[in-house]
Every structure is written in structure tokens, then in C-alpha cells.
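Heads up: the structure comes next, in C-alpha cells.
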Amino acid sequence: MLASLLLSFTAAAQSARFGSRMVSVGDTADHVREVAGAPDNVASEPTDTGPREEWTYRRRGRLIQLWIADGKVVHLSDRKDEAGK
């Protein structure tokens, strides 16, 4: 039971802020573009379950990476941009 609660909390915490709007795991790629605009970089990679894209945004000292599969955000990372861009 504790594990399922922790997993629920982790899934709920999977979001990134773009200005006053949020992008979360499960959002569509169209929603991400509406909220965040065009990514600074897009990389495609094949996976066992089909193609996946990694969208990278550099905003206000943050490095935000979104992994898109089947038109939806499946994972994201939001951290300090060590490159300082």
C-alpha cells in the first residue's frame, strides 16, 4: 500500500512550469507546444514500444526535458541548467 501511495505522489509531481502555466506527464504534445512553444531541440530515438522524442527547453536558467511517445508526455525532467544558458 505504501508503495502505491509513493508511486501516486511521484506521478503527481511530474510537472514543469512555463511562466504561469504547467506541463505534466500525460499532457498531449499539442498542449506542450501551446504552453511552452517550440522546443529548443528535438531528438528522436527508437524504443521497443515505438519511436520516442526528447524535447529540450532552456528557460530562465532551467533545463526542461520532455519525452514524448504516442503524442503524449511520458516523462519529464526539470533541473538547473548547468550550461548556464
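Residue count for segment 35-85 satisfying the condition of being at positive phi and among the hydroxyl-bearing types (Ser, Thr, Tyr): 0. Could you tell me which residue of segment 62-85 is farthest from Ala16 (Cα to Cα), considering only residues that are of a type in the set (D, E, K, R) and in a strand (DSSP E or B)? Among those residues, the one meeting the criterion is Lys72. Residue count for segment 39-52, restricted to those that are charged (D, E, K, R) and either within 15 Å of Met22 (Cα to Cα) or in contact (Cβ under 8 Å) with a residue 24 or more places away in the chain (or both): 0. Whenever a residue of segment 25-37 is over 14 Å from Ser15 (Cβ atoms), its partners that are small (Gly, Ala, Ser), lying with C-beta atoms within less than 9 angstrom and at least six residues away or across chains, give the pairs Thr28/Gly71; Ala29/Gly71; Asp30/Gly71. For segment 13-61, filtering for residues that are part of a strand (DSSP E or B), at pLDDT 95 or above, in contact with a strand residue (DSSP E or B) (Cβ under 7 Å, 6 or more places away or on another chain) and of a type in the set (D, E, K, R) leaves 3. Can you tell me which residues in segment 16-52 are surrounded by 15 or more Cβ atoms within 10 Å (Cβ to Cβ) and out of contact with any helix residue (DSSP H, G or I) (no Cβ under 7 Å at 6 or more places or on another chain)? Correct list: Ala16, Arg17, Ser24, Asp27, Ala29, His31, Val32, Val35, Ala36, Pro39, Arg52. Of the residues making up segment 56-66, just one is under 15 Å from His31 (Cβ atoms) and in contact with a Lys or Arg (Cβ under 9 Å, 6 or more places away or on another chain), namely Ile64.
The values are calculated or read from the model by the stated rules, or taken from the named source; none is laboratory data. All of these numbers come straight from a predicted model, not from anything done at the bench. Neighbour counts are summed over all protein chains in view; Cβ atoms, including those assigned to glycine, are modelled from backbone coordinates with ideal geometry.
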